[in-house]
Each structure stands twice: as C-alpha cells, then as structure tokens.
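Below you'll find the structure, written out as structure tokens, and then a few comments.
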Amino acid sequence: RCDYLEVCYLLLYGELPTVQQKTKFVDVVTHHTMVNEQMQFFMRGFRRDAHPMAVLTGMVGAMSAFYPDSINLDDAHQRDISAHRLIAKMPTLIAMAYKYSVGQPYVYPRNELSYAANFMRMMFATPCEDYSVNDVLVRALDRIFILHADHEQNASTSTVRLCASSGTNPFAAIAAGVACLWGPAHGGAN
C-alpha cells in the first residue's frame, strides 16, 4: 500500500515514514528533480544513437562534478543529500537521455506531479503537446519502481557497495552500479 518514495524512505532509514516524514521527504525529492542546466551540454557530447546505459553511466558519474558539496561518504548529512539527489534526478536524466536520442527537446519536471507521473511526463510530453497523466499507468509504473527497489543484493547493488567501500563518492559508486546493470548477465533489468 506504499508508493515508491515511501519505499525509498524505508530503504534509506529502515522504517516507513510517518505522514509528516513522508511529506517532508517527498518535498525534498521533488525540489531536487531539476538537474544543472550545464548537464545538457555534457549530454550533447554523446552520439544520439549511443546506448542509453552508456549515457546514464556518464551522466550519473558527472553529477560528482556538479554537486561536490555532497560527496563525502563519512558525513551522514552529505550521504542524505546525495541519496535525495540521486532519487530525484535519475528520472530527469533518463528522460533527458531518451529525448536526446529521439531528437526532441528536454521536458522539465513539474513539482505538482507525483514521482512516476513526472517521469512519464518528462518522457512523453513535447513543447507542442503536454502529456495527459493516466492514473492507472502511473500507479503501474510506481509499482514497477517498487519491484526494482525491492530485489535484494543483486550484481549492481553489490557493485555499488564494493565501489563505495573504497571511499569514492556516491555518484561514482552509483555510476558503477549503472554500468554493472548494463551487463547482459544482469538479467536485462536495465
């Protein structure tokens, strides 16, 4: 009966959020969905037909250059900020990669939409036609996100943990996990 952001909270903090904690968490994630405008210039360095996982690996790794204020794994506050940024910005980066590959302009996130609805809108809206949110599809996508979050210690999760154990920044560790997720032996989860 939870939504994806409640599951994210559970995974980060070990318990489901109260109503007040959920409201605050959703607000923080929602207000981190924008990416630095310079990320689009980095995106333009990729070929339009580049594999989306290659693009995502590069974009997530580049976040460490854009957010140097939150790369110290030894600081709990910085870890929280990095986690919030990664949860918030991942749909934006994925949508940007998709839009770039099909030659369409990027669609900015909208703060009044839910996490899943916002992702769908960024993927499928265009400047000449907004995306009409279908609540059934949004709920289905939200459940798919939950299923992906709740699949235990797989290869990409192990990769992130191993990479982070070296003391690297969270964005580099997640980029390594994305690269591992790309591998065909991972099971096609990407």
Between V136 and D27, the two model label points (7 Å from Cα along the beta-carbon direction) sit apart by a distance in nm of 3.5 nm
Taking a straight Cα-to-Cα line shorter than 15 Å from K89, and setting aside same-chain aspartates and glutamates fewer than 8 residues away, one finds D27, E37, D80
Once amide hydrogens are built 1.01 Å from N within the peptide plane, the residues lying 5 or more places from A125 or on another chain with amide H under 5 Å from its amide H are Y131
Taking only the alpha-carbon atoms of region 73-138, the convex hull volume per residue, in cubic angstrom, is 98 Å³
tail above 18 Å in the computed P(r) of region 95-190, as % of all Cα-Cα pairs, reads 60 percent
Hull volume per residue for region 137-189, using the convex hull of the C-alpha atoms, in Å³ is 85 Å³
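Test of understanding: express the Cα radius of gyration of region 42-115 as a ratio to 2.2 N^0.38 Å, with N the residue count. List each step's numbers first, then the result.
Numbers: Rg = 13.7 Å, N = 74, 2.2 N^0.38 = 11.3 Å.
That ratio works out to 1.21.
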SASA check, F66, accessible area w/ 1.4 Å probe, all protein chains in place, rounded to nearest 10 Å², comes out at 50 Å²
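Which whole-number percentage describes the relative contact order of the chain, with Cα contacts under 8 Å and a sequence gap of 6 or more?
The value is 25 percent.
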For region 51-190, the percent of accessible surface on carbon and sulfur atoms (probe 1.4 angstrom, ligands and nucleic acids excluded) is 60 percent
In units of 2.2 N^0.38 Å, the Cα radius of gyration of region 1-57 is 1.60
Using the Kirkwood formula on alpha carbons, the hydrodynamic radius of the chain in angstrom works out to 17.2 Å
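The values are calculated or read from the model by the stated rules, or taken from the named source; none is laboratory data. These numbers were taken from a predicted model, which means no experiment stands behind them. Note that we place each Cβ from the backbone using ideal geometry, even for glycine, and neighbour counts take in every protein chain shown. Areas reflect the complete protein model, heavy atoms only, side chains present, ligands, DNA and RNA absent. Shrake-Rupley method; radii C 1.70, N 1.55, O 1.52, S 1.80 Å.
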